[in-house]
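Notes to accompany the following structure.
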Amino acid sequence: MELLNKLNNARFLLLVQIALIVSSVTWSTMADLWLSFVFPVAFAFCGALLASSKKWFFSYLGLSLLALFSSHFGSYTFSGISQLICLTGAFSMLIKEIVRHSFFKPEVPHLDRVIAGVTGYLTLGFFWFLGIVVATQIEADAFLNQVTSEPPELADQLYFSFVTLTTLGYGDIVPINALAKLIVMLSSLSGVLYLAVFISALIGSASSSDRA
């Protein structure tokens, strides 16, 4: 019963992620609210439900706040690297909990496994989105919107993150500098590898269920 309750919370995380994606239409006027408050608190709360741990909640929130505060200290390069380190640590914690529920629990119901796996994929998209945000803070021209001939706005960066993660590659937004290109390469690779492992886990789980 405890495990089932944890898995049901993945559905709540999925709803939060969908809400954040839909909310991107308001980011032109409310960007600071979403990035400074909604993102850290929503993901910290949902991850804590999955982990069933208050310690996890404060650890994740602490790393997120460190990433936020580091953007106000030192040079753009130093603060950007500090943010990337903190965000990588925080999202690694979240991905770890999601992967535990979607890949490595043989007793997990199939639907809950699928939902947890989908939230993991979306979490990768949000992680690389924040990486893109940091890259543009380090250098404003790290990415170029070829339609407007300007750097992409915040909502466009979220769009570009998921387009890259899914390897669609429309070409309307392109990376310019070395850091931006590295983020794009890692994002596309992580998206492909995640889907490959997740689908293999689903097939393995279904095969085991059939044999049982």
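Before moving on, here are some points about what is shown:
- So residue 148, is it under 23 Å from residue 91 (Cα atoms) and either among the hydroxyl-bearing types (Ser, Thr, Tyr) or surrounded by fewer than 17 Cβ atoms within 10 Å (Cβ to Cβ) (or both): no
- Residue that is farthest from residue 191 (Cα to Cα), among those in region 113-142 that are of a type in the set (Ser, Thr, Tyr) and in contact (Cβ under 8 Å) with a residue 60 or more places away in the chain: 119
- Within region 22-38, considering residues that are at pLDDT 75 or above and crowded, with 17+ Cβ neighbours inside 10 Å, the one farthest from residue 111 (Cα to Cα): 27
- The one condition from (1) part of a strand (DSSP E or B); (2) surrounded by 20 or more Cβ atoms within 10 Å (Cβ to Cβ) that residue 131 does not meet is (1).
- Among residues of region 87-112, those that are buried (at least 17 other Cβ atoms within 10 Å of the Cβ), within 19 Å of residue 186 (Cα to Cα) and either in contact with a His (Cβ under 9 Å, 6 or more places away or on another chain) or hydroxyl-bearing (Ser, Thr, Tyr) (or both), counted: 0
- The single residue among 121, 159 that is in contact with a Phe, Trp or Tyr (Cβ under 8 Å, 6 or more places away or on another chain) and surrounded by fewer than 22 Cβ atoms within 10 Å (Cβ to Cβ) turns out to be 121.
- Residue match in region 129-146 (condition: at pLDDT below 90 and of a type in the set (Phe, Trp, Tyr)): no
- Scanning region 164-192 for residues that are of a type in the set (A, V, I, L, M, F, W, C) and part of a helix (DSSP H, G or I) returns 165, 178, 179, 180, 182, 183, 184, 185, 186, 189, 192.
- Pair list, Cβ under 7 Å, 6 or more apart: region 162-177 residue in contact (Cβ under 8 Å) with a residue 40 or more places away in the chain, other residue of a type in the set (Phe, Trp, Tyr): 165/128
- Residue check for residue 67: at pLDDT 75 or above, buried (at least 19 other Cβ atoms within 10 Å of the Cβ) and either farther than 23 Å from residue 178 by Cα or β-branched (Val, Ile, Thr) (or both): no
The values are calculated or read from the model by the stated rules, or taken from the named source; none is laboratory data. Since we're looking at a predicted model, the values are computed, not measured. Every residue, glycine as well, gets a Cβ built from its backbone with ideal geometry; the counts of neighbours run over all protein chains shown.
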